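S.K.: Below you will find the structure I want to go over with you.
The values are calculated or read from the model by the stated rules, or taken from the named source; none is laboratory data. All figures in this text were calculated on a predicted structure; none of them were measured in a lab. Because the Cβ atoms are built from the backbone with ideal geometry, glycine has one as well, and the counts that use them run over all protein chains shown.
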Amino acid sequence: MSRIAATFAALNAAGRKALIPYVCAGDPYPDATVDVLHALAAGGADVIELGVPFSDPMADGPVIQKAAERALAHHIGMVPVLDYVRAFRQTNTTTPVVLMGYANPVERYDQKHGPDAFVKNAAEAGVDGVLIVDYPPEECAEFSAKLKAHGLDLIFLLAPTSTEKRMQQVGAIATGYVYYVSLKGVTGAGHLDTDAVAQAVPRIRQHVKVPVGVGFGIRDAASAQAVGRVSDGVVIGSRLIQILEAQPREGVAAAAQGFLSEIRSALDAL
């Protein structure tokens, strides 16, 4: 059983919801990323999504786009991203880490370091899963097999526009969890419709046997609770990045932990 699967199994047994924060590697301060990862774990993160900076993050809104731009300006690519995970794993061997990003950095890494280098090196660093936004399930059988051989989960997005066929395709190949995009738009949008989420999640579960996490538009304790009532987990990114980008270097870890602790308490109150 993967670290992600074990985490969700333990949460389910305890009647709790997964809290899944997203941060962009290298932002807002490259030397603070590992501190932030530890702070998120201390604040109650069950799984951490670590964004791989990319110059054309098509699914992301302005907040995460700017975070990626800041990280790229500091030359943060896949090599330092894996180094961050490796450093985090020196003292945290329990909190799953998912790399979230796009195909280009993964394929470029393999071009530079050799065939399948990304999968091998990600597993060695302590990564637990990957979510590649622009890898559709019908083109991922070989990639999924390579990940599975190294103990890594392959996570997919589903959206309000996803058809029954697409849900079936994702259900046939996804492991770890699926990430349901709660709205038609990009990350950070503010028009979360929790009633629509409540209707969508049961449809997804007809085709997908792994847990369903919900993100996009979740900004505070109230929206996290509303989504947590109808899903297996809550993903929160843009609001967290906004909080971190406003902090001085010495304040980012404490701010990350403080904000996440509020969301954790809200979810545990369900």
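S.K.: Of all the helices (runs of 4 or more DSSP H) wholly in the range 1-118, which have at least 3 residues that are under 30 Å from ALA266 (Cβ atoms)?
M.R.: Filter on the range 1-118 gives 3-14, 33-43, 62-73, 78-89.
S.K.: Out of the range 153-180, which residues are of a type outside the set (Ser, Thr, Tyr) and free of Cβ contacts under 8 Å to residues at least 12 places away in the same chain? I'd like the intermediate steps shown before the answer.
M.R.: Quick first cut of the range 153-180, residues of a type outside the set (Ser, Thr, Tyr) only: 153-160, 164-174, 176, 178.
Correct list: LYS165 only.
S.K.: In the range 140-186, which residues are at pLDDT 95 or above, assigned to a loop (DSSP other than H, G, I, E, B) and in contact with a strand residue (DSSP E or B) (Cβ under 7 Å, 6 or more places away or on another chain)?
M.R.: LEU152, ILE155, ALA174, THR175, GLY176, TYR177
S.K.: In this structure, is MET1 at pLDDT below 95, of a type outside the set (Lys, Arg), over 21 Å from ALA254 (Cα atoms) and over 18 Å from the mean Cα position of the chain (by Cα)?
M.R.: Yes: the conditions hold for MET1.
S.K.: Taking the criterion of being in contact with an Asp or Glu (Cβ under 9 Å, 6 or more places away or on another chain) and under 20 Å from ALA224 (Cα atoms), would at least one residue in the range 80-92 satisfy it?
M.R.: No, the range 80-92 has no match at all.
S.K.: Considering only the range 96-107, state which residues are surrounded by 14 or more Cβ atoms within 10 Å (Cβ to Cβ) and either without any contact (Cβ under 8 Å) to a residue 60 or more places away in the chain or farther than 27 Å from ASP46 by Cβ (or both).
M.R.: LEU99, GLY101, TYR102, ALA103, ASN104, PRO105, VAL106, listed by residue number.
Rundown of residues vs (1) modelled with pLDDT under 95; (2) hydroxyl-bearing (Ser, Thr, Tyr); (3) within 25 Å of LYS209 (Cα to Cα), yes/no style:
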| site | (1), (2), (3) |
| --- | --- |
| TYR29 | no, yes, no |
| MET58 | yes, no, no |
| PRO80 | no, no, no |
| THR95 | no, yes, yes |
| HIS113 | no, no, no |
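S.K.: Something else now. Looking at ARG264, ARG205, ARG249, can you tell me which residue is within 23 Å of GLY15 (Cβ to Cβ), of a type in the set (Lys, Arg) and touching a residue at least 40 places away in the same chain (Cβ under 8 Å)?
M.R.: One residue alone meets the criteria, ARG264.
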